[in-house]
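Any read-out appearing in this document is the output of simple, stated calculations on the displayed coordinates, not a laboratory observation. Given the structure is predicted, the values throughout are model-derived calculations rather than measurements. Neighbour counts are summed over all protein chains in view; Cβ atoms, including those assigned to glycine, are modelled from backbone coordinates with ideal geometry.
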Amino acid sequence: MNYTRIALAALGAFVAYFVLGGMTFAITSFKEEFRKYPAVYRSQEGIKQVMPAGMVAIFVGMVVLAVLSAAIGIAAMRNLRYGYIGLAIFAVIGLAAALTRPNATPCLPWSPRPRLRTDPARSPSTS
């Protein structure tokens, strides 16, 4: 494995993660949601205390993913079956992460948009 490439891949993923997160935060109304629920979200002062540790943890996760991706790529170069097995492992991990979320359903990973809860009193009766 080429450690320079792994480090650059992890650094690129880390930067992309925060750039996309910052753009999402700037474009959407997340800031207002954070202000609405101060008991749920940390204040700016509170987040500044834990942000460095969170950034280090995210970077370590990106390094782990880069190493796993490199290992799967090396294995796939030797035998394509190993590449497919690695891809299946990533897919199973992703599905497990999606399905273990609160209120998850088996259709959640394939759902094009979140389900909207309807008020049973306002929904049309089928009887």
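Overview of results
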item	result
Extension gain from A53 to A26, taking 0.36 nm per residue of separation minus the Cα-Cα distance	7.4 nm
Computed E for E33/L11 - FRET, C-beta separation, R0 25 angstrom, nearest 0.05	0.25
Spin-label pair T4/R101, simplified geometry with 7 Å Cα→Cβ offset, distance in nm	3.9
Sites matching chymotrypsin sites (Phe, Trp or Tyr not before Pro) across region 19-85 that sit in DSSP coil, with at most 16 neighbouring C-beta atoms within 10 Å	Y41
In Å, descending, principal axis extents of the Cα set of region 3-78	54, 25, 18
